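So the structure is just underneath, and the comments pick up after that.
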Amino acid sequence: MANHSRNAEENPGNAPLILIVDDNPDQLSTISNNLKNEGFRLAQAISGAEALEAVTRRAPDLILVDVMLPDMDGIEPCQRLRALPGGDVVPILLMTELDDETAVERAFQAGATDFVAKPIRWTVLNARIQSLLKSCCAERRYQALAQAAADGIITIDNQGLIQYLNSATEVLFGYQAAEIVGQDISILMPDEFG
């Protein structure tokens, strides 16, 4: 059983909620049964539109999306999910039969966190889910600690683009996070340092 299973058995409401998005009823049932046996709570959607609606209602801890959906490919829901409030932190795991490197690259650019190939190997899927949930949990703890800090904290990516800043940084520099996330860090530096 999964690492969280003991806690889920003691208090099922604490088990991570996974939204599964697949238009194939057999595949949806098989995935659901396997993940339920691992102790996860589940929500289901059979289209990209249903997935977007489910995310706003249920706030899943992880989203498992088939790349090929009837109303949109799996890449479009990634982009739209990332644009929703809180959608930037939810791991999105794509399921694909595609062996196309370009499609996988497009998925990552659209906001996919990881992908798993079909046919699904259950040990691989479970390991990826566990890893993504741990990473997401660590990120949420970091952000909670950073928000509580009296000092300004800024996180940048390897290109120098601002990914996160806490409220103390907003006060210090006079910018709201929404104004400068995605901007180059040089926006916060005096001209003599830029």
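The values are calculated or read from the model by the stated rules, or taken from the named source; none is laboratory data. Treat the numbers as computed from the prediction; the structure is a model and nothing was measured. Using ideal geometry, Cβ is built from the backbone for each residue, glycine included, and neighbour counts are taken over all protein chains shown. The accessibility values were calculated without ligands, DNA or RNA, using every heavy atom of the protein model including side chains. Shrake-Rupley method; radii C 1.70, N 1.55, O 1.52, S 1.80 Å.
General remarks:
- The spacing between the range 73-98 and the range 15-46, judged by their C-alpha centroids, is 16 Å.
- Approximate spin-label separation Glu97-Ala149, in nm, with each point projected 7 Å along Cα-to-Cβ: 4.8 nm
- Nearest 10 degrees, 0 to 90: helix 48-58 Cα axis against the chain principal axis: 70 degrees
- Average Cα contact separation per residue, the range 110-194, under 8 Å, 6 or more apart, as relative contact order %: 18 percent
- In a reduced charge model with +1 at each Lys and Arg Cβ and -1 at each Asp and Glu Cβ, the chain shows a dipole moment near 820 debye about its Cα centre.
- Nonlocal amide H pairs with Gln44, under 5 Å, H built at 1.01 Å: Ile20
- The relative contact order of the chain, computed from alpha carbon pairs under 8 Å that lie at least 6 residues apart in sequence, is 14 percent.
- Size of charge dipole - the range 80-129 - debye, nearest 20, with Cβ of Lys, Arg +1 and Asp, Glu -1, no other charges: 240 debye
- 19 Å cut-off, amide nitrogen to a point 7 angstrom out along Asp157 Cα→Cβ, residues in the range 164-182: 164-166, 177-182
- For the range 11-99, the carbon plus sulfur part of the accessible surface works out to 46%, probe radius 1.4 Å.
- Taking every DSSP beta bridge that has both ends in the range 82-194, the antiparallel portion is near 50%.
- The mean sequence separation of alpha-carbon pairs under 8 Å and at least six residues apart, normalised by the residue count of the range 41-122, gives a relative contact order of 28 percent.
- For the pair Val89 and Glu105, label points projected 7 Å from Cα toward Cβ lie 3.2 nm apart.
- At a probe radius of 1.4 angstrom, the accessible area of the chain per residue rounds to 57 square angstrom.
- Of all beta bridges that DSSP places with both ends in the range 56-145, some 10 percent have antiparallel geometry.
- Simple rule: put +1 on each Lys or Arg Cβ and -1 on each Asp or Glu Cβ in the chain, find the dipole, and look at Thr113, Ile31, Gln163; the Cα lying farthest toward the positive end is Ile31.
- Eigenvalues of the alpha-carbon gyration tensor of the range 115-194, scaled by 5 and square-rooted, set the equivalent ellipsoid semi-axes at 35, 16, 9 angstrom, largest first.
- Gaussian network model of the chain, Cα within-10 Å springs - most flexible of Phe173, Phe108, Phe40: Phe173
- The range 30-160 - convex hull of the alpha-carbon atoms, volume per residue in Å³: 128 Å³
- In Hz, Karplus ³J(HN,Hα) per residue of the range 18-33 (6.51, -1.76, 1.60; θ = phi - 60°; x = Gly, Pro): 10, 8, 9, 10, 7, 8, 8, x, 5, 5, 4, 5, 4, 4, 4, 4
- The local environment of Asp73, defined by Cβ-Cβ distances under 10 Å, has a net charge of -2 under the rule Lys, Arg +1 and Asp, Glu -1.
- Here the simple spin-label model places points 7 Å from the Cα toward Cβ, and for Arg141 and Ser186 these points are separated by 3.7 nm.
- Among Ile153, Ile46, Ile75, residue whose mean-square fluctuation peaks in a GNM of the chain (springs only between Cα atoms under 10 Å): Ile153
- Here the chain carries DSSP beta bridges of which approximately 25% are antiparallel, counting only pairs with both residues inside.
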